[in-house]
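Accompanying notes for the structure given below.
The values are calculated or read from the model by the stated rules, or taken from the named source; none is laboratory data. Everything quoted here is computed from the prediction, not taken from an experiment. Every residue, glycine as well, gets a Cβ built from its backbone with ideal geometry; the counts of neighbours run over all protein chains shown.
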Amino acid sequence: MTYRLADEFLWGGAIAAHQAEGAWNVDGKGVSIADILTAGDAKTQRRVTDGVQEGNNYPNHHGIDFYHTYAEDLELMAELGSNAFRTSIAWTRIFPNGDDEQPNEAGLEYYDKMFDKMHELGIEPVITLNHFEMPYHLVKEYGGWTNRKLIDLFVHYAEVVFNRYRDKVTYWMTHNEISNQAGINLGAHAQFFVWTNSGFVFNGDETLNEKIAKMVQAAHYELVASAKVVALGHKINPNFKIGGMVNVAPFYPASPSPKDMLAFQKARQSRDWFSDVHINGEYPVEIERLYEKFGFRPDITEQDRADLKAGTIDYLAVSYYSSTTVKAVDNPDNFKNAYASYEVTSNPYIETNDWGWGLDADGLRYSLNELSEMYPHTPIMIVENGLGAYDKLEDDQSIHDPYRIDYLKHHIQAMEEAIVEDGVQVIGYLSWGPIDIVSAGTGEMKKRYGYIYVDLDDFGEGTGRRFKKDSFKWYQQVIASKGSDL
Ligand code: P53
């Protein structure tokens, strides 16, 4: 069955400043938390270093040099037929330290030019305020988002960019994938997620409950900051559409055993409260109970609750890559603590890519339906989806990536089924990394998502030239046919 989507549907791609721009210390930019993440790979975690230290490879320092190449790269996006493009503003280009009194004019001018270029090409900017790239100074001096003062600093940053780009940007979102840190019980990844979301490092001797408490309090400040920014944005320009952004990886129970069902439900509860707060302006009942029971979130005021209510989002932005299958832990202790109730396990029905990410297109339809059941009045924008894969640049400069076409085809089909068959309100599809960029999770260049190949290796060596992959032509045809020719 083929489907043709509405004319106003947003089609395009999405990147983040820190993974693409490079120019990490150019034109007044400050050091961000992404600038001190070393390179890793499928098996090696990226490390956080205390400032930029000699002898390390910091892949975000070079990115793909989008800082200088954005005009030509955006022209390629226009050639794809895109009518929308998502990127982030690097907070450190505007406030190099995060607590500066005055913004950095050179940084503001840079995004003026970038947004002008998008409009010249008929591309709608979709802009993230905080995509894993807060100023490192805020970590050193304030302890990152564990400090309530971050709320005002973030609101001030948002106020400056909202006023500046009032007539250039309509679609905004606050924090990228704010819900990632809910994976606090998931071993090695937990540190990466709290670093990128909240900007703090564990001491190494905390108990799980101590870690949860720290994460949950920081996340509360992020949610209050987000809500205040939404309310402020609507004052600055009532036409602004301001979203929150979460990663969606549907939980599946490993079996129909009642214990696995309870574990699956607890897993959902441990994560879904981020979007609940964004959309409903309040914490769900079972999460209030959990945090109260353990004292996980000591600092929540009546004013915070009023702010959360007054700043609910206009649309929910989501990333989708794969699903997560869970089972009950051996001794779930009456499922007292949602975070400690489940374990992730493999799913025999799902294949994985070279980085172990499950390939599950049906999971996208499932997720969209689930979101629509939970939040029937909130439109959804898919702002990330794609396949990270090794690509080969052939001697004749072609790149054959049928695996990527296959992944995207099935996911777009699943989205269209959710829209047309199930009535889910989806307003756009922006695939991740339409041009190859540095991977967030591993820092690799060779984990590629693009329709456009960038000739750079993991050390930033190479010509930097751009080449169209086979998937370029394919996505062009998808957009031109409004999703009917997959
Ligand atoms: P990379 C983990 C799980 C789901 C999404 O990821 C994630 C992560 C963090 O790695 O991040 C999002 O580059 C994120 C992007 C990121 C993209 O997914 O590790 O918003 O910045 O690049 C893909 O393959």
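Looking at the stretch 379-388, can you tell me whether even one residue there is modelled with pLDDT of 95 or more, in a loop (DSSP other than H, G, I, E, B) and of a type in the set (Val, Ile, Thr)? No; the residues of the stretch 379-388 include none that is modelled with pLDDT of 95 or more, in a loop (DSSP other than H, G, I, E, B) and of a type in the set (Val, Ile, Thr).
Residue-wise test of (1) surrounded by 16 or more Cβ atoms within 10 Å (Cβ to Cβ); (2) farther than 28 Å from THR207 by Cβ.
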| site | (1), (2) |
| --- | --- |
| ARG271 | yes, no |
| TYR320 | yes, yes |
| GLY356 | no, no |
| ALA361 | yes, yes |
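For the stretch 356-372, a tally of residues being in contact with a strand residue (DSSP E or B) (Cβ under 9 Å, 6 or more places away or on another chain) and aromatic (Phe, Trp, Tyr) returns 1.
Taking every residue in the stretch 462-485 that is closer than 21 Å to ILE419 by Cα and pairing it with any residue that is among the polar types (S, T, N, Q) and in a loop (DSSP other than H, G, I, E, B), at least 6 positions away or on another chain, the pairs with Cβ-Cβ distances below 7 Å are ILE479/SER82; SER484/THR2.
Scan the stretch 164-188 for residues that are in a helix (DSSP H, G or I), away from the ligand (no atom under 11 Å from the Cβ) and β-branched (Val, Ile, Thr) and the total you get is 1. Being within 26 Å of PHE459 (Cα to Cα) and not β-branched (Val, Ile, Thr) is the requirement here; does LEU121 meet it? No; evaluated as a whole, the condition is false for this residue. Of the strands (runs of 3 or more DSSP E) lying entirely inside the stretch 260-351, those containing at least 1 residues that are among the small types (Gly, Ala, Ser), touching a strand residue (DSSP E or B) at 6+ places or on another chain (Cβ under 9 Å) and under 30 Å from ILE242 (Cα atoms) span 315-320.
Scanning the stretch 95-150 for residues being of a type in the set (Val, Ile, Thr) and either within 16 Å of the ligand (Cβ to nearest atom) or in a loop (DSSP other than H, G, I, E, B) (or both) gives a total of 4. GLN191 fulfils the conditions (1) touching a residue at least 60 places away in the same chain (Cβ under 8 Å); (2) crowded, with 23+ Cβ neighbours inside 10 Å; (3) on the phi < 0 side of the Ramachandran plot; (4) within 16 Å of the ligand (Cβ to nearest atom) except for a single criterion, (2).
Screening the candidates TYR390, TYR449, TYR407 for the property of being closer than 23 Å to PHE132 by Cβ, in contact (Cβ under 8 Å) with a residue 24 or more places away in the chain and either within 16 Å of the ligand (Cβ to nearest atom) or touching a Phe, Trp or Tyr at 6+ places or on another chain (Cβ under 8 Å) (or both) yields one hit, TYR449. Taken together, GLU54, GLU79, GLU105, GLU101 contain a single residue that is closer than 21 Å to PHE467 by Cα, more than 23 Å from the chain's Cα centre (by Cα) and surrounded by fewer than 21 Cβ atoms within 10 Å (Cβ to Cβ), which is GLU79. Within the stretch 1-13, residues that are hydroxyl-bearing (Ser, Thr, Tyr) reach partners that are part of a loop (DSSP other than H, G, I, E, B) with beta carbons closer than 8 Å, at six or more positions or on different chains, in the pairs THR2/SER484; THR2/ASP485; THR2/LEU486; TYR3/GLY483; TYR3/SER484. The residues of the stretch 450-486 that are touching a helix residue (DSSP H, G or I) at 6+ places or on another chain (Cβ under 9 Å) and in a loop (DSSP other than H, G, I, E, B), listed by number, are GLY450, TYR451, ASP458, PHE459, GLY460, GLY464, LYS469, GLY483, SER484, ASP485, LEU486.
Taking the conditions (1) more than 22 Å from the chain's Cα centre (by Cα); (2) surrounded by fewer than 21 Cβ atoms within 10 Å (Cβ to Cβ); (3) more than 16 Å from the ligand (Cβ to nearest atom) in turn, ASN280 satisfies each one other than (1).
Remark: pairs (first residue in the stretch 70-84, under 19 Å from PHE9 (Cβ atoms); second residue of a type in the set (Val, Ile, Thr); Cβ separation under 6 Å; 6+ apart in sequence or on different chains) = GLY81/ILE479; SER82/ILE123; ALA84/VAL126. For VAL230, the conditions (1) within 16 Å of the ligand (Cβ to nearest atom); (2) aliphatic (A, V, I, L, M); (3) assigned to a helix (DSSP H, G or I) are fulfilled apart from (1). Just one of the numbered conditions (1) surrounded by fewer than 22 Cβ atoms within 10 Å (Cβ to Cβ); (2) within 16 Å of the ligand (Cβ to nearest atom); (3) not charged (D, E, K, R) is not true of ILE236: (2). Exactly one residue out of THR312, THR324, THR301 is touching a residue at least 12 places away in the same chain (Cβ under 8 Å), β-branched (Val, Ile, Thr) and away from the ligand (no atom under 16 Å from the Cβ), and it is THR312. So if I check each of TYR157, TYR136, TYR165, which one is among the hydroxyl-bearing types (Ser, Thr, Tyr), under 30 Å from PRO125 (Cβ atoms) and surrounded by fewer than 23 Cβ atoms within 10 Å (Cβ to Cβ)? Criteria check complete, one pass: TYR165.
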